[in-house]
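The values are calculated or read from the model by the stated rules, or taken from the named source; none is laboratory data. Please read these numbers as outputs of a predicted model, since none were measured by experiment. Here the Cβ positions follow ideal geometry from the backbone for every residue, glycine too, while neighbour counts run over all protein chains shown.
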């Protein structure tokens, strides 16, 4: 009887030990899943998902920006003001559009699918199966919060892809830009011309917005350090519309 009692005690201890070990491993895994990525990790993870964009027309020359892959079918999102221009009071589209991956020197052709000037959103299509493009994971722009760490990747000043970091200043704000009031995410970020159409990413590298514009002060000078981004949920609505 004593042997049986001792055996039962040992079994209980082993069982308890296993349960504790499983709980510890579960906690470690859960914590690991919520550990934010570094800026370096986010940048290199996104290089097949974010590209330089060039729009060309013989009459006006080239316009540069950024575009982001959002599905496996080669659909890219960018800003409408990158793929259009104003001529004699009307909106015109460029003749040709090109993208370039960070790992390549040559541009590849893309097609303009549709755009909306008021929303400042445009969709492009990439049909070259030889390139390994990878869509970004989509976040939920309705769940961003004040002070959240964010990252912007884009073709700033047409110098190639670069990354900058900041925080969410206002998760949702209605602001007037180019005589149109738009809903946007206000960020404490430094961006420049060429970042338009680029990616606003959260700490897990998920796409939560498209970097779009900066505002000017009463003197007409750009207010640096403030960036406004189209919420990704607005992009999804446009994609499905």
Residue 134 vs (1) modelled with pLDDT under 95; (2) within 15 Å of the chain's Cα centre (by Cα); (3) more than 13 Å from residue 75 (Cβ to Cβ): all pass except (3)
Among the residues listed as 116, 120, the single one being surrounded by fewer than 14 Cβ atoms within 10 Å (Cβ to Cβ), touching a strand residue (DSSP E or B) at 6+ places or on another chain (Cβ under 9 Å), within 27 Å of residue 202 (Cα to Cα) and not assigned by TED's automatic domain parsing to the domain that holds residue 207: 116
Restricting attention to the range 91-111, report how many residues are within 24 Å of residue 183 (Cα to Cα) and either assigned to a loop (DSSP other than H, G, I, E, B) or out of contact with any strand residue (DSSP E or B) (no Cβ under 6 Å at 6 or more places or on another chain) (or both). 0
Given (1) closer than 16 Å to residue 53 by Cα; (2) in contact with a helix residue (DSSP H, G or I) (Cβ under 8 Å, 6 or more places away or on another chain), number of the condition residue 116 does not satisfy: (1)
List the number of the failed condition for residue 165; all other conditions in (1) assigned to a strand (DSSP E or B); (2) surrounded by fewer than 20 Cβ atoms within 10 Å (Cβ to Cβ); (3) out of contact with any helix residue (DSSP H, G or I) (no Cβ under 6 Å at 6 or more places or on another chain) hold. (3)
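May I ask you to list the residues in the range 179-192 that are more than 19 Å from residue 233 (Cβ to Cβ), surrounded by fewer than 24 Cβ atoms within 10 Å (Cβ to Cβ) and touching a strand residue (DSSP E or B) at 6+ places or on another chain (Cβ under 8 Å)?
First, the residues of the range 179-192 that are more than 19 Å from residue 233 (Cβ to Cβ): 179, 188-192.
After this cut, where a residue has to be surrounded by fewer than 24 Cβ atoms within 10 Å (Cβ to Cβ) as well, the list is 179, 188, 190, 192.
Result: 188, 190.
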Just checking, how many residues over the range 180-192 are without any contact (Cβ under 8 Å) to a residue 40 or more places away in the chain and either closer than 23 Å to residue 161 by Cα or not in a strand (DSSP E or B) (or both)? 5
Within the range 97-131, which residues are farther than 12 Å from residue 78 by Cα and in contact (Cβ under 8 Å) with a residue 60 or more places away in the chain? 118
Filtering the range 43-79 for residues that are buried (at least 22 other Cβ atoms within 10 Å of the Cβ) and in a helix (DSSP H, G or I) leaves a count of 0
Which residues, taken from the range 201-224, are touching a residue at least 40 places away in the same chain (Cβ under 8 Å) and crowded, with 20+ Cβ neighbours inside 10 Å? 201, 202, 205, 207, 208, 209, 210, 211, 212, 213
Give all pairs with beta carbons closer than 8 Å in which a residue from the range 225-239 that is surrounded by fewer than 23 Cβ atoms within 10 Å (Cβ to Cβ) meets a residue that is modelled with pLDDT of 95 or more and in a helix (DSSP H, G or I); count only pairs at least 6 apart in sequence or on separate chains. 233/141; 233/142; 234/141
In the range 119-153, how many are part of a strand (DSSP E or B) and in contact with a helix residue (DSSP H, G or I) (Cβ under 8 Å, 6 or more places away or on another chain)? 7
